[in-house]
Each structure stands twice: as structure tokens, then as C-alpha cells.
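Step one of this worksheet: look at the structure below.
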Amino acid sequence: MYKRAIIKRQEILKCSKKAFIEKGYSSVTMKVISEVCGIGRSSLYYYFSSIEEFYNEVMMEEKKIIKTDTDIVENFLNALKFELINVDESLYRAVAEQLLTNGVNNCL
């Protein structure tokens with residue numbers, strides 16, 4: 001795929017993610033994605049062959065984000081534990097609990 005096509009595909013994925021979140025998997029059709037993205041249905045088929053492909057791509061992207069966030073939290077906690085080795089263990093546990101409960105973006 002050409003660079004412009006790759007960028008357009010990513011834009012369409014973002015739109016389809018919004019549709020899945022708002023309507024749920026069972027209510028999303030190519031027509032819905034077409035309307036949300038402002039692109040013709042026939043054009044969508046150039047990038048994706050089915051709703052299932054859209055959904056699988058969206059889920060793969062989400063898994064990458066979760067994996068990255070998990071790695072960040074894990075690395076931070078390991079560094080924190082190393083630094084706080086001589087400090088009260090309850091402080092480490094409190095920070096770890098906040099990170100795991102609220103997520104990376106809400107704590108850092």
C-alpha cells in the first residue's frame with residue numbers, strides 16, 4: 001500500500017473504533033462505518049474486506065496499547081522498588097496500587 005493509503009487506513013480504523021464503542025459490535029455495519037468516517041462503502045472495501053476485519057484490527061491496536069501501558073507500569077514499578085528498597089514497603093504498594101487501578105495516563 002502507498003503511504004497515503006496507509007494513513008487513510010489508519011484514519012478509517014480510528015473512526016471504526018468510535019463506531020464500535022458507541023454502537024457495539026453487533027450494531028456496526030459497513031454503512032455505519034461509512035457514515036462515521038465520511039467515506040463511501042465501496043471505498044471501505046479497498047481497505048477492509050469485512051466488519052470482522054475492522055473489529056480484529058481495532059482489537060489488535062488496543063492490545064498493543066495495553067501491552068505498552070503494562071510494560072511502562074512494570075518498568076516504573078521495578079525502578080521504584082529498586083529506589084525504595086530501604087523505604088517502607090507500604091509506600092511502594094500504595095504507588096503500585098494507584099498505577100494499576102488508575103492506569104498509566106492518569107498517574108504519570
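At a glance:
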| quantity | calculated |
| --- | --- |
| Helices (runs of 4 or more DSSP H) completely within segment 25-108 that count 3 or more residues being at pLDDT 75 or above and under 23 Å from residue 8 (Cα atoms) | 30-37, 41-47, 51-83 |
| Some residue of segment 30-37 being acidic (Asp, Glu), on the phi < 0 side of the Ramachandran plot and more than 12 Å from the chain's Cα centre (by Cα) | yes |
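The values are calculated or read from the model by the stated rules, or taken from the named source; none is laboratory data. Everything numeric here is computed off the predicted structure, so don't read it as measured data.
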